[in-house]
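What follows is a set of notes on a single structure, which appears directly below.
The values are calculated or read from the model by the stated rules, or taken from the named source; none is laboratory data. Everything quoted here is computed from the prediction, not taken from an experiment. A quick note on method: Cβ atoms are made from the backbone with ideal geometry, for glycine too, and the neighbour counts reach across all protein chains shown.
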Amino acid sequence: MLFMRPESGWIEVICGSMYSGKTEELIRRLRLARIARKKVQIIKPAIDTRYSEADIVSHNEQSMRSVAVRQARMIPEHIGDAEVIGVDEAQFFDEELVPVCEELAREGRRVIVAGLDKDWKGEPFAPMPELMAVAEFVTKQHAICVVCGCPANFSQRKTLSREKVLLGAGDVYEARCRHCFQVPTEEQLRLFEEQSSS
């Protein structure tokens, strides 16, 4: 990482597919910040209760205490005098996350944001693209495709659902490479919805 003045703030984005180690990398950076005696605050979206209501938790069960908030505009209320801010599962926050992170960085804080950069259709998952555009540093994590073993950059939904946000882990998603990733067709989705309603 480049040398930056102590009083300057910046934004770091950690992105990638499911099972690429985004939360694990976020936790690693936050632990190092604590070792450096920095005041750290961690934020997660209240909607994400998969592993814990109070902690951020990686798929390999590393965890750190966090504060769960419903909307991005509520984040500054929980920051206090923290010098380093960690935000996990950023894709579950609204568009307000971008100006909130920028304001925290302007205040001289280091803001580290982790989240999915693509949704279940392989399309940009807002607000992550906007955060990547304004961030000083972007780290793209990769998983391993469960089909062929190549680097995976897509989150394959294993169930037929049109919902933009569908919480789940290995029961609902798996990592896939570009070649093995498949988006359900409209016909598949329609048949599934007809069967579900009957």
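Mind checking which strands (runs of 3 or more DSSP E) fall wholly inside the stretch 93-198 and carry at least 1 residues that are in contact with a Leu (Cβ under 9 Å, 6 or more places away or on another chain) and either modelled with pLDDT of 95 or more or charged (D, E, K, R) (or both)?
Those strands (runs of 3 or more DSSP E) span 110-116, 137-141, 154-157.
Here is a yes/no grid of residues against (1) at pLDDT below 95; (2) part of a helix (DSSP H, G or I); (3) over 25 Å from Arg178 (Cα atoms):
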position: Ile14; (1), (2), (3): no, no, no
position: Met18; (1), (2), (3): yes, no, no
position: Thr23; (1), (2), (3): yes, yes, no
position: Ile27; (1), (2), (3): yes, yes, yes
position: Arg31; (1), (2), (3): yes, yes, yes
position: Arg34; (1), (2), (3): yes, yes, yes
position: Arg37; (1), (2), (3): no, no, yes
position: Ile42; (1), (2), (3): yes, no, yes
position: Ile47; (1), (2), (3): yes, no, yes
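Does the stretch 7-17 contain any residue that is crowded, with 19+ Cβ neighbours inside 10 Å, at negative phi and of a type in the set (Ser, Thr, Tyr)? Yes, the stretch 7-17 contains at least one residue that is crowded, with 19+ Cβ neighbours inside 10 Å, at negative phi and of a type in the set (Ser, Thr, Tyr). Among the residues of the stretch 18-43, those identified as among the basic types (Lys, Arg) and either buried (at least 20 other Cβ atoms within 10 Å of the Cβ) or in contact (Cβ under 8 Å) with a residue 40 or more places away in the chain (or both) are Lys22, Arg29, Lys38, Lys39.
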